[in-house]
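What follows is calculated from the coordinates using simple rules that are stated; it is not laboratory data. Computed from a predicted model, the values in this text were never measured in an experiment. When we count neighbours, we look across all protein chains shown, and the Cβ atoms used for this are built from the backbone with ideal geometry, even at glycine.
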Amino acid sequence: MFGLLAAFQHSAEMRESKDEMLIGEIVRAMARQGFPSIQFRAGNDRQYVRFKTVTDPVLHTVTVVLDRKTGSGALSAAILGSKATLKITAEIMNRVADPDDLIAMYKTDFANIFKMPVMGGIKLNHELNSVFATTTKVIEIDHYVNKGDAGVEKMVAMLSGTIGELKEKLEPYKR
Amino acid sequence: MSTPELPGPSEEEVHIHSAADGQVGPLSRFALKAKLDAGELKPTDSFWFAGMDEWRPLSARPELWEGLPDPNSVLSEDDRLDGVFSNLVQASWDYHADHKFASHVDEVFLGAIITGYLDNGWSLIDITSDGTHHYLRFEDMGDHSRSIVRFTHLTPQLALSQVLGHRASVVIGYGERIKNFSKVWGAIKAEYKSGFLSGDTPGTISVDGDISSQYVYCQVPLFLCIDDYVSRSYEIDYPKLDSHLDATTHALRKYLRARFA
């Protein structure tokens, strides 16, 4: 009886831990690209991780927010699967110091600061030294975790493809 | 006749009277040279600038245009001041980056721990972090053993970290499922008793049990210097980190199995 209860408890823990497993794989995948984590905010069903894109000449940071929506309980997992939203934000930073460039940048920023243009599902947000591009996807966690190397490769392809799209949108703003 | 000092090369002080065009300028000496080179002015044309008693032919003062440096290589006062300001801002960016690094190096270390564990076959099954206090739990999906890492960055301020290094208080734990209820219960009692001892003395192994999941954990507090694993350029010494985590896990596993075999 004790063993049965423990097995049930273990199974529930593994079901609840799928989003943590995915965020762990994301942290590792980013580290392999030379992007170390620099900020974590992690709690129940929501993980926020910011990475410094040290080896990328264009990007400054990438932020990933994984927010689990379904599948923490056995019933919800059986009916809806393990759905989550994955919000990815890429940032470029222009360390502008020349006063003439600052004047030019201020005019551009002022024109863009209240605009959040949506380009193919990607939002651009222009702040003083930084420009951000954000996209949000609804994903099925089960496609990526507990699937061995194939699941990890699929996640890496999705992540790099998305970061590549965001970078493409940001490149024209890099000074 | 007075011989005043020549104006600066960029100062528009030189008045010209050209035989062809009449009054020209005032020009800078750079502009004067350009017009002479282009044939728009001749050395026989007259010039005057403040301090001179009378107009003189340009040929009387060839040093006005001879030996001038390339105008593109000479900064105007505006450019010079912009350069000084830019250097101040750049230095501030560097200062800001040092502060940011001091405050987030623990999170670089946290990511390195996750990567190190995953590379060694563990899966992350729990993470809690408020930015200062971090908790990680891993499970080996093969034998279902677990490892926990709990740490707090002790020197997040730049000045403190430059004196002491980036220090962290770390607790590493190792757990296994023990199917014998009485042994799990014994671990919980041991954990209760160990609560009477000082729990943060490095190297003191304490025991904890989770009756619902049947896991018994051994854990040890340590103090680590994050600089030993993470460089200022964000490079991670994974072999050293792996070796230290592996050695700690090995010691805890040995202790746990000896206690609950």
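Between helix B:77-119 and chain B, what is the angle of the helix's C-alpha long axis to the longest principal axis, kept within 0 to 90° and rounded to the nearest 10?
In chain B, helix B:77-119 runs at an angle near 20 degrees to the longest axis.
Starting with the highest mean, order B:217-224, B:45-52 by the number of other Cβ atoms within 10 Å, averaged over the residues of each peptide.
B:217-224, B:45-52
Taking 7 Å along the Cα-to-C-beta vector as the label spot, tell me the A:R175-B:D78 distance in nanometres, rounded to one decimal.
Here the answer is 1.7 nm between the modelled labels.
Does anyone have the angle between helix B:238-260 and the longest principal axis of chain B? Alpha-carbon axes, 0 to 90°, nearest 10?
On a 0 to 90 degree scale, this one is about 10.
To the nearest whole number, what is the average tally of beta carbon atoms from other chains within 10 Å of the beta carbons of peptide B:80-93?
What the average comes to for B:80-93 is 3.
For the range A:52-63, what does the Karplus curve 6.51 cos²θ - 1.76 cosθ + 1.60, with θ = phi - 60°, yield as ³J(HN,Hα) per residue in whole Hz, taken in order and with x for Gly and Pro?
3J(HN,Hα) across the range A:52-63, in whole Hz: 9, 8, 4, 8, 9, x, 9, 7, 9, 9, 10, 10.
Taking each residue in A:129-136, count the Cβ atoms of any other chain within 10 Å of its Cβ, then average. What number comes out?
Other-chain Cβ atoms within 10 Å of each residue's Cβ, averaged: 0.
Where does helix B:181-194 land angle-wise versus the long Cα axis of chain B, in degrees 0 to 90, nearest 10?
60
For the range B:96-260, with the dipole built from +1 on Lys and Arg beta-carbon atoms and -1 on Asp and Glu ones, taken about the Cα centre, which of B:G186, B:L222, B:L256 lies farthest toward the positive end?
Ranked along the dipole, the leading option is B:G186.
How big is the range B:96-260 along each principal axis, measuring the range of its Cα positions in Å and listing the largest first?
55, 36, 25
At B:A159 and B:A97, where each label point lies 7 Å from the Cα along Cα→Cβ, what is the point-to-point distance in nanometres?
2.4
Tell me the relative contact order for the range B:29-156 as a rounded percent, counting alpha carbon contacts under 8 Å between residues six or more apart.
13 percent.
Principal axis lengths of the range B:14-73 from Cα atoms, whole Å, largest first?
Cα spread of the range B:14-73 along its principal axes, largest to smallest: 32, 25, 18 Å.
Let me make sure I get this right: for the range B:215-261, a, b and c are the square roots of the gyration tensor eigenvalues over alpha carbons, sorted descending. Under 1.5 in a/c it's rounded, otherwise prolate if a/b > b/c, else oblate. Which is it? Show your work: numbers first, answer last.
Numbers: a/c = 4.03, a/b = 2.81, b/c = 1.43.
Prolate, since a/c reaches 1.5 and a/b exceeds b/c.
Can you compute the helix-only [θ] at 222 nm over chain B? Use -39500 (n - 2.57) per DSSP H run of at least 4 residues, normalise by all residues, nearest 500 deg cm²/dmol.
-12500 deg cm²/dmol
Taking amide H positions as placed in the peptide plane 1.01 Å from N, state which residues far from B:H166 in sequence (5 or more) or on other chains have amide H under 5 Å from it.
Hits under the 5 Å cutoff: B:I226, B:D227.
List the aspartates and glutamates whose Cα sits under 20 Å from the Cα of B:K179, skipping any in the same chain fewer than 8 residues away.
A:E13, B:E139, B:D140, B:D143, B:E191, B:D208, B:D210
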